[in-house]
Amino acid sequence: MKAILNLETKIKALELQRENFKAELSKIAVEKKLLVKDQKEIESSITLLDYISKMKQDKIVGLIQDTITAALQDLFDESYKFKMVLKNRGNSSACDFEISCSAFPGWSEIIMSHGKSIKEVIAIVFRILLVKLDKTSRRIVILDEPSSGIEFERQKILSKFLLNIAERFGIQLIIVTHSEELAYCASKEIRING
């Protein structure tokens, strides 16, 4: 009799354990469903953030392309088109540039026609755009002899372009120059005679 009571007690204890295990398994199953749901929400959020990042990246690339294209067309009276292509190379990103012009069949002809003026203009616009895109920046760009590689007859056009782009992007330019034509765009001028 004692043995039967002992067995019944053990059976009840095992049944209680089984019920506790079932309850635990049920909790685990619910938690698993919640984790799967959370994982799907996280994946959706990542996809959305990637999409927004790509949109923002496309917008920035568009701004750069449009601004440099406008600068080249203003300064050189040609139908220039600047194109920027972003690429992933392994674990890093890279950027290629293309310049085309209906008046010239290739890059070498463009360079032969305008010397390093094209490169100077692109570099100046890039510096200004980098400051514009940097939200933490104080929006000041210092240009040291920005007209050094630009033909004399284009320097006044460059000064007007710099004035317009500075106003458009809310950027203050500090320009060190020997060019009277470039000094034309200054709101303040400090001359050093030596």
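The values are calculated or read from the model by the stated rules, or taken from the named source; none is laboratory data. Predicted model, so just to flag it, every value in this text is computed and none were measured. So basically every Cβ, Gly included, is an ideal-geometry build from the backbone, and we count neighbours across all protein chains shown.
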Which of the numbered conditions does K56 fail, given that it passes all the others? Conditions: (1) at pLDDT below 85; (2) in contact with a helix residue (DSSP H, G or I) (Cβ under 8 Å, 6 or more places away or on another chain); (3) closer than 18 Å to F169 by Cα; (4) not aliphatic (A, V, I, L, M). (2)
Taking interchain pairs and intrachain pairs at least six residues apart, which have beta carbon atoms under 7 angstrom, with the first residue in segment 91-110 and closer than 18 Å to V125 by Cβ and surrounded by 11 or more Cβ atoms within 10 Å (Cβ to Cβ) and the second of a type in the set (K, R) and at pLDDT below 80? none
Within segment 103-125, take every residue that is of a type in the set (G, A, S) and within 21 Å of I165 (Cα to Cα) and give me the one that is farthest from the chain's Cα centre (by Cα). S117
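If we scan segment 62-77, do we find a residue that is surrounded by 11 or more Cβ atoms within 10 Å (Cβ to Cβ), without any contact (Cβ under 8 Å) to a residue 40 or more places away in the chain and in a loop (DSSP other than H, G, I, E, B)? Even if it seems obvious, please write down each step before you answer.
Going residue by residue through segment 62-77, those that are surrounded by 11 or more Cβ atoms within 10 Å (Cβ to Cβ) are 62-77.
Okay, now just the ones that are also without any contact (Cβ under 8 Å) to a residue 40 or more places away in the chain, so 62, 65-66, 69-70, 73, 77.
Keeping just the survivors that are in a loop (DSSP other than H, G, I, E, B) gives 77.
Checked segment 62-77: at least one residue is surrounded by 11 or more Cβ atoms within 10 Å (Cβ to Cβ), without any contact (Cβ under 8 Å) to a residue 40 or more places away in the chain and in a loop (DSSP other than H, G, I, E, B).
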If only one of L163, L158 is surrounded by 16 or more Cβ atoms within 10 Å (Cβ to Cβ) and either under 18 Å from Q73 (Cα atoms) or of a type outside the set (D, E) (or both), which one is it? L158
Do we have any residue at all in segment 110-121 that's on the phi > 0 side of the Ramachandran plot and out of contact with any Phe, Trp or Tyr (no Cβ under 9 Å at 6 or more places or on another chain)? yes
Only one of (1) in a strand (DSSP E or B); (2) touching a Ser or Thr at 6+ places or on another chain (Cβ under 8 Å) is not met by S93, so which one is it? (2)
Sole residue being β-branched (V, I, T) and farther than 28 Å from G62 by Cβ, chosen from I190, I140: I190
Unmet requirement for L130, which otherwise passes all of (1) over 22 Å from the mean Cα position of the chain (by Cα); (2) surrounded by fewer than 19 Cβ atoms within 10 Å (Cβ to Cβ); (3) among the aliphatic types (A, V, I, L, M): (1)
